[in-house]
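To keep things clear, I will list the structure first and then write my remarks on it.
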Amino acid sequence: MIAQVMLSINFFRNTTVLNLGMNDDVCQGLAAKTGNDRFAWDSYRRFLEMFGNVVLDIPRSAFEDEMDEVKFECGVLEDSELLVEDLKTIVDRFKKVYVSNGLTFPENVLEQLKLAISAVFRGWMGARAVKYREVENIRGLLGTAVNVQAMAYGNMGETSGTGVCFTRDPNSGTNELFGEFLIDAQGEDVVAGIRTPLPIAKLQDAMPEVYDEFQKNCNILEKHFCDMLDLEFTIQEGKLFMLQTRTGKRGGEAAVKIAVDLVDEGLITKEEAIPKVLPEHLDQLLHPRFSDTDSDEYKKSVLARGLPASPGAAVGALAFTNEKVLHNEEHGIPSILVRDETSPDDIEGMYSSQ
């Protein structure tokens, strides 16, 4: 049995469905063709969750609960520790999640594609998309489009991986690569916080040739776009795939430094540099901050650590769901959103919290 080409469907910012085209027959064919059963079943369980959540609106928590239960039963902490038989169990349980939500997983690959494309256009006026356009001041667009492309697989073993990277530090503006990657991973694993990623500099040790090529590509792209960029990439069995790039978001301090450095490097003029420092960048420079984070008193007061989604210090009630932040906002209660992992589903809560 020959495995067909699977697809990646990319639409709303940071929302992607990977491995579209997967079903029982394709999974078996992919395992036979690659000789890697774990890769095939890992790809299948990922697709079932993404398709169910993004296309059919099944809550992610329904899949996460099943995943956590299997990992607990197997005595493992990381997804990458699951064996082939464990992944088969997860696939079976994920299909039952569809049934419990009154749905049936579509084995027909053309039906999968049709449903995914329909979800793109249906989501254009969804709450997350509307909120994103509002906060980013995106106006006057007539509609959206869907990007369909062949998959590159980062979950094919120790010579594969996936990552995200800024061509310069988005916090300080320093002219050095700033990003993270994971070996034997796919898609949103890096940004979701499901596994602890490695700093991009470690890629030089793990795959030196890939790192050199990636760094070269970053320089080419910066010179072409004349700005600091945000990139996503996948490595499939030692081969680098540059997936997409866009202008990188940056903090206030970084915005000023990057604009000045780009002028000094001859990439842009002073007149072109000024619009790169936005009013919100200057506002960020005025955010309250802890005065001495190196002091013993400060360090002793730390209760927990996490990945920050906003610069500066904030005071508010801890909210552990997107809905709680919105509820608190309605009642005039400032909130700090705390989540196990980053998800586009939380965009309203992110912008409504402190």
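The values are calculated or read from the model by the stated rules, or taken from the named source; none is laboratory data. Just so you know, these numbers come straight off a predicted model, no measurement behind them. Because the Cβ atoms are built from the backbone with ideal geometry, glycine has one as well, and the counts that use them run over all protein chains shown. The area values use the complete protein model at the heavy-atom level, side chains included, leaving out ligands, DNA and RNA. Shrake-Rupley method; radii C 1.70, N 1.55, O 1.52, S 1.80 Å.
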Residues of the range 269-283 being open to solvent by 70 Å² or more (accessible area, probe 1.4 Å) and more than 8 Å from residue 252 (Cα to Cα), which ones? 270, 271, 272, 274, 275, 279
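Restricting attention to the range 147-163, which residues are under 18 Å from the mean Cα position of the chain (by Cα) and open to solvent by 40 Å² or more (accessible area, probe 1.4 Å)?
Passing the criteria: 147, 148, 149.
Can you tell me which residue among 200, 183 is touching a Cys at 6+ places or on another chain (Cβ under 6 Å) and either surrounded by 16 or more Cβ atoms within 10 Å (Cβ to Cβ) or over 27 Å from residue 34 (Cα atoms) (or both)?
200
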Might you check whether a residue that is open to solvent by less than 30 Å² (accessible area, probe 1.4 Å) and of a type in the set (Ser, Thr, Tyr) occurs anywhere in the range 75-87? no
Since residue 304 meets every condition but one in (1) in contact with a Ser or Thr (Cβ under 7 Å, 6 or more places away or on another chain); (2) open to solvent by 70 Å² or more (accessible area, probe 1.4 Å), which condition does it not meet? (1)
Here the residues within the range 88-101 that are over 21 Å from residue 40 (Cα atoms) and either open to solvent by less than 70 Å² (accessible area, probe 1.4 Å) or in contact (Cβ under 8 Å) with a residue 40 or more places away in the chain (or both) are 101
Restricting the range 311-354 to residues that are polar (S, T, N, Q) and in a loop (DSSP other than H, G, I, E, B), which is least open to solvent (accessible area, probe 1.4 Å)? 343
